[in-house]
Each structure stands twice: as structure tokens, then as C-alpha cells.
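Worksheet: one structure, shown below.
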Amino acid sequence: QVQLVESGGGLVQAGGSLRLSCAASGSTSSINIMGWYRQAPGNERELVATISREGNTNYADSVKGRFTISRDVAKNNVFLQMNSLKPEDTAVYYCHVLRGPFRLPSWGQGTQVTVSS
């Protein structure tokens, strides 16, 4: 089992920045992919960004050039630097990992990000 705890959400004006953090604990040695998803009211949960142990990254088109994902493999943390925030970025952001050969998923409880216009 892996436990994920997010922090860093909040309220920011459009054009501002926030940095999300996620700390993993438990069976962390088996974690392959770490990433962030988000879910806005009335919408499905969507991928924001992922990063592998080797540092390979993947971003949703809507956040490319504005968001940066990074990872501290040794400390089992993943971060999401969000710049030039837009009201449409408002959502609950969830930390997500895939672990083991079968890529078992684990989710954090989520952190609210609200961008005011």
C-alpha cells in the first residue's frame, strides 16, 4: 500500500502561481509513475502531468508551457509548479502513482485549487 498526502492548494488570482506537493509513504520502492490529475465540478477526472522514475514527463495540452512536474525519487515526493494560472484550472488536484509490475494505482485525497478572474 502507498499513502499519498497532497499540500499547496489554495486561492489565487488569474496569472498567479501555486506549487503543489505530494508526499508518498508506505511501499514506495515499487512506485514507477507519479503524477497529477484534476477534477472540476461536473467534469471527469483528467490527466494533468506524469513523471517516471527516469524523469520522463507527459503533460496535458491545456497545461503545456505553464505547469512543470518534478520528482524527488529519494524522498518519494512529486511536485507540480503551476504558473500563469487561469480560471479554467480551478479543480481538485489529485496526486496519483502507479506501482509494481502490474501498475497498481493509488490516489491522494485531493487539494483544492481555485483561480479567480
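Screening ASN32 against (1) in contact with a Leu (Cβ under 6 Å, 6 or more places away or on another chain); (2) open to solvent by less than 40 Å² (accessible area, probe 1.4 Å) leaves a single unmet condition, (2). Contact map, the range 90-117: first residue open to solvent by 40 Å² or more (accessible area, probe 1.4 Å), second residue of a type in the set (Phe, Trp, Tyr) and part of a strand (DSSP E or B), Cβ cut-off under 6 Å, separation 6 or more or different chains; pairs are TRP107/TYR94.
The condition (being closer than 14 Å to VAL2 by Cβ and modelled with pLDDT of 95 or more) is satisfied by just one residue among SER62, SER106: SER106.
Restricting attention to the range 68-89, the residues that are touching a residue at least 60 places away in the same chain (Cβ under 8 Å) and either more than 23 Å from ASN56 (Cα to Cα) or assigned to a loop (DSSP other than H, G, I, E, B) (or both) add up to 5. If you take the residues in the range 1-49 that are assigned to a strand (DSSP E or B) and free of Cβ contacts under 8 Å to residues at least 40 places away in the same chain, which one is farthest from ASP89 (Cα to Cα)? Out of the qualifying residues, it is GLY26. Filtered by the rule that a residue be open to solvent by less than 50 Å² (accessible area, probe 1.4 Å) and among the β-branched types (Val, Ile, Thr), the range 54-77 gives VAL63, ILE69. Does PHE102 fit the bill of being over 14 Å from the mean Cα position of the chain (by Cα) and aromatic (Phe, Trp, Tyr)? Yes, satisfied. PRO41 falls short on exactly one of the conditions (1) of a type outside the set (Val, Ile, Thr); (2) farther than 14 Å from VAL2 by Cβ; (3) modelled with pLDDT of 95 or more, and that condition is (3). Within the set LEU20, LEU47, LEU80, the sole residue that is of a type in the set (A, V, I, L, M), touching a strand residue (DSSP E or B) at 6+ places or on another chain (Cβ under 7 Å), under 20 Å from GLN3 (Cα atoms) and open to solvent by 50 Å² or more (accessible area, probe 1.4 Å) turns out to be LEU47.
The values are calculated or read from the model by the stated rules, or taken from the named source; none is laboratory data. Computed from a predicted model, the values in this text were never measured in an experiment. Note that we place each Cβ from the backbone using ideal geometry, even for glycine, and neighbour counts take in every protein chain shown. Calculation scope for accessible area: heavy atoms of the full protein, side chains included, ligands and nucleic acids excluded. Shrake-Rupley method; radii C 1.70, N 1.55, O 1.52, S 1.80 Å.
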